[in-house]
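The values are calculated or read from the model by the stated rules, or taken from the named source; none is laboratory data. Keep in mind the model is a prediction, meaning the values are calculated, not measured. Counting neighbours? That spans all protein chains shown, and the Cβs are built from the backbone with ideal geometry, glycine included. Just the protein is used for accessible areas: all its heavy atoms, side chains included, with ligands, DNA and RNA removed. Shrake-Rupley method; radii C 1.70, N 1.55, O 1.52, S 1.80 Å.
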Amino acid sequence: MADTHSHAALAAIVGIAADAIIALDDDFRIVRFNKGAEQTFGWTESEMLGQPLDRLLPMAARAMHRGHVRAFAEGGSESRRMADRREIAGIRRNGDQFPAEASIARVTIDGERTFMVTLRDVSERRRNEERQKLLATAGWVLAASLDVESTMATIAELPVPLLGDWSLLVLLTADGQVRRAAASHTDPRRHDVSSGLVSRTAEPLDADLAATSSGRVAHEAEAQRISDVTSWLSANFRDSVTRERAASLGASAVLIVPLRAGGRAIGALHLVRIRPGASHSIEDVHVADQFAGLAALALENARLYQESRRAVRERDDMLAIVSHDLRNPVNAIVMLTGAVLGREPGDERPLMEREDVEAIRGAARQADGLIQDLQDVSRISNSRLRVERRPVLLSELVKESADMFEPVMEDAVLRFVRRIDENLPLVQADRHRLAQVMSNLLGNAVRFTPHGGEIVLTAERHDDSVRVGVRDTGPGVPAEDVPRLFERHWQAPRLLRAGSGLGLFIAKGIVEAHGGEIGIDSELGKGSEFWFTVPL
């Protein structure tokens, strides 16, 4: 009776145990498969009774484990840990492998030798260890580089495959646009496909995208789990070619984690699972949030470092500009005044001819103009450029600028054509500042248009603004140089050095301070048109 009671108690304990407990007969076939084993492996006890233990092991590990079990059966020890000092692998009904810890014991029940295998699934424990390892690794890996491009690539690579089978880093620009900055895939063979998702240009974050999970998460503080993959693809890959490329990588669930630095949104990291039915656990979300914090900090540090280097370069550029461009007028002043100071006593000639005085005055004005430009650059860079708006008839202002440059055009043997709408409405503008823009654009056109060429000045109403254009028949600007034309100190390398390189930067600052736009339409070898608009 006592034995019956003991067997019943043992059976009850085995039945309710959370671990997988599997009883094997002398032929290593399963004679007991508890609830813990059913939950671990996905098979029912009735399906596994009489089956060999090998069925629960990956094919590659079966022969080795069979040898271990036989060696234990023939040995003198009553129990031992299976695969001592390392994990074993189990295989579930759906084919998934998982890490496990197992031990085996030899017992005699009703006079028959029985082997009891106790197995524990340690998948979650291993995942937690890997999550902590990811965060620890991310801390020093992301801090190791201050290069923005390298940091972006690392952010995309590190969480794969732990938090996603592939990833996509999306960054927000200051003007509310988005750029796909980096991508990574767990399969090296898909590297070219994932790299094809990266975009070097930004796209507007329009109302449709802002309403989607991607646009929302980029501006929120919490991660979002996305199961509607079709909508996610449509929202984030609006051109069909890129969308098809992303779809070919596979996606069953997406975790979008915001990146925030200094209290502002800078982007989002998309972590994509590809296996059917796969999802992101709460633990995945917590770790992804922590990783995103480290990633955002690394990106911000890299950006600030890049900006500091740019500031140093700009300072050096400014010193070079000042030293070079001030040298000519200063040398002229020194030479002319030196001639006066070097006169012999008793020399009765006039101290200085009128043209010499005019030359000194011109040199001083040239130096003062450069100083004014440098001051304007500083104000624009610090958003402190002031424009004093008053009602201005732009047609008159454009005519005055044209009249001023008429003699210059004649001296340069250029045909000057004016097409100015006489009925332009008034605009609220700073007359002096807009004249400064006109002078810069007309001066550049004269400088780069060869003798015998043509310059066309236009002023017309364009939607809700007035558009002024200066078209020339000069060499034109290569397409790759156009985006940098309005940067300070930058000059197209194919053009001869002319001036400080500040004029277009200042013109852009003035036009934008009026709420207008400035741009260029150019065709290499056929000329360019610089234009700007002033809102009505």
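Observations on the model:
- When residues of the stretch 442-479 are limited to those that are acidic (D, E) and assigned to a strand (DSSP E or B), the one nearest to V427 (Cα to Cα): E460
- Within the stretch 125-146, if we keep just the residues that are closer than 20 Å to A100 by Cβ and touching a residue at least 60 places away in the same chain (Cβ under 8 Å), the residue that is least open to solvent (accessible area, probe 1.4 Å) turns out to be R131.
- Pairs meeting the criteria (first residue in the stretch 515-529 and farther than 15 Å from S465 by Cα, second residue of a type in the set (K, R), beta carbons under 8 Å, at least 6 apart or on different chains) are G527/R471; S528/R471; E529/R471.
- Looking only at the stretch 517-534, and only at residues there that are more than 29 Å from the chain's Cα centre (by Cα) and among the aliphatic types (A, V, I, L, M), the one that is least open to solvent (accessible area, probe 1.4 Å): V534
- Every test in (1) modelled with pLDDT under 90; (2) of a type in the set (S, T, Y); (3) touching a Ser or Thr at 6+ places or on another chain (Cβ under 6 Å) is passed by T533 save one, and that test is (1).
- Some residue of the stretch 369-380 being at pLDDT 70 or above and not hydrophobic (A, V, I, L, M, F, W, C): yes
- Qualifying residue in the stretch 126-139 (condition: more than 12 Å from the chain's Cα centre (by Cα), closer than 30 Å to P52 by Cα and of a type outside the set (A, V, I, L, M)): yes
- Any hit, the stretch 250-264, residues being closer than 24 Å to R200 by Cα, open to solvent by 30 Å² or more (accessible area, probe 1.4 Å), assigned to a loop (DSSP other than H, G, I, E, B) and out of contact with any His (no Cβ under 7 Å at 6 or more places or on another chain): yes
- Residue check, A298 at pLDDT 70 or above, closer than 30 Å to L259 by Cβ and in a helix (DSSP H, G or I): yes
- Residues that are modelled with pLDDT of 90 or more, open to solvent by 10 Å² or more (accessible area, probe 1.4 Å) and in a loop (DSSP other than H, G, I, E, B) do occur in the stretch 162-185, at least one of them.
- Any chance V398 is open to solvent by less than 60 Å² (accessible area, probe 1.4 Å), of a type in the set (V, I, T) and at pLDDT below 95: yes
- One residue from A292, A320, A311 being part of a helix (DSSP H, G or I) and at pLDDT 80 or above: A292
- Among the residues here, A268 does not qualify as buried (at least 17 other Cβ atoms within 10 Å of the Cβ), at pLDDT 90 or above, small (G, A, S) and assigned to a helix (DSSP H, G or I).
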